[in-house]
Amino acid sequence: MSFITSFPAKWEGICMRYPPGWIEGVGSALVQVFGFIIPGLVFLAIDMLKPVAFDKRKIQQESKQPSKRQMISCLKLVFGNQAYLIGSHFLLLHFLKYKFSIFRMDPQLPSILEVVVQCTVGALLREVLFYYVHRLMHTKMLYRKVHRVHHEFRAPVALAAIYSHTLDHILVNAMPIYLPMAIQRAHFLTLMLFAGVAVFDAAVSHSGYHLFRVPDVQSHDVHHEKGNVNFGVLGLMDWLHGTNA
């Protein structure tokens with residue numbers, strides 16, 4: 001029996017065996033590990049090994065790339081942020097005795113139509129939330145006290161997507177992903193798919209390589225270079241407000 005055909009029974013077994021909060025905590029952590037950390041480390045290996053196929057796709061010149069000291073600092077803060085986010089999530093769920101989840105823990109799988117609709121709505125809501133919270137972080141006080149950390153990387157690398165102040169990580173990175181799906185009371189598997197794609201896209205958009213993405217990866221490189229354009233994820237809100245470049 002293949003994994004695809006056996007998955008519905010496996011998922012039903014997980015729902016019957018474990019409490020909702022435990023599934024939410026473990027599932028969310030797995031999304032971060034497989035959707036962001038592992039791809040981020042792969043991009044780091046590419047940055048270090050510099051294979052020709054990727055080297056010629058690098059957007060910014062070698063002189064602007066982060067130093068070894070910056071990368072060590074990046075790794076420390078990135079893993080610290082992930083540990084804080086996952087740890088505090090589990091702490092909250094433990095306080096609730098793992099009995100509750102803000103997402104739907106239904107043993108029955110969601111329909112394809114439900115997944116498509118909720119992910120589409122989630123992507124649009126995330127674009128709005130991310131844009132306005134991100135622009136707020138670029139106001140004088142919040143930039144100086146919070147968001148400046150993220151912009152220490154003028155030429156970003158994949159892991160630097162969450163090289164940020166902890167408050168910045170929660171409000172800019174995490175909240176625009178999880179809140180839209182929580183509002184819709186999405187099935188947890190839909191949330192895992194949506195969040196997995198979102199965090200992987202964050203790694204790609206910060207990778208610094210010309211890769212297939214809409215908008216192009218270069219758009220976020222330009223944001224890190226100039227700081228006053230390309231605040232959104234999809235480019236829709238930047239187009240609406242005239243901040244696209």
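Just going by the charge dipole of the chain, with Lys and Arg at +1 and Asp and Glu at -1 on Cβ, which of LEU77, PHE100, ILE177 is farthest out on the positive end? Result: LEU77. Tell me the carbon and sulfur percent of the accessible area for the stretch 1-241, rounded to whole percent, probe radius 1.4 Å. With neighbouring chains kept in place, the figure for the stretch 1-241 is 70 percent.
Packing-wise, with mean Cβ within 10 Å as the measure, how do 72-83, 214-225 rank, highest first? Kindly include the intermediate steps, with their values, before the conclusion.
Values: 72-83: 15.8, 214-225: 18.4.
Result, highest mean first: 214-225, 72-83.
Rounded to the nearest 20 debye, the dipole size of the stretch 1-143 about its Cα centre is 580 debye, using +1 on the Cβ of Lys and Arg and -1 on the Cβ of Asp and Glu. Add -39500 (n - 2.57) for each DSSP H run of 4 or more in the chain, then divide by its residues: what number comes out at 222 nm, to the nearest 500 deg cm²/dmol? That comes out to -19000 deg cm²/dmol. The alpha carbon convex hull volume per residue for the stretch 1-241 rounds to 141 Å³.
With R₀ set to 45 Å, the beta-carbon distance separating LEU167 from SER2 gives a calculated FRET efficiency near 0.55.
Lysine pairs in the chain whose alpha-carbon atoms fall under 16 angstrom of each other, counting only those eight or more residues apart or on distinct chains, come to 7.
Kindly state, to the nearest 0.05, the FRET efficiency for ALA123 paired with LEU211, given R0 = 22 Å and r defined as their beta-carbon distance. Computed FRET efficiency for ALA123 and LEU211: 0.70. Measuring between their Cα centroids, the stretch 190-232 and the stretch 118-177 lie 11 Å from each other.
Placing a label point 7 Å from the Cα of LEU41 along the Cα-to-Cβ direction, no residue of the stretch 153-193 has a backbone N closer than 13 Å. Taken along the Cα-to-beta-carbon direction at a fixed 7 Å, the label points for ALA182 and GLN61 span 4.6 nm.
The values are calculated or read from the model by the stated rules, or taken from the named source; none is laboratory data. Small disclaimer: the values here were computed from a predicted structure and weren't measured. Quick reminder, even Gly has a Cβ in these numbers, built from the backbone with ideal geometry, and neighbours come from all protein chains shown. Surface accessibility is based on the protein's heavy atoms, side chains included, excluding ligands, DNA and RNA. Shrake-Rupley method; radii C 1.70, N 1.55, O 1.52, S 1.80 Å.
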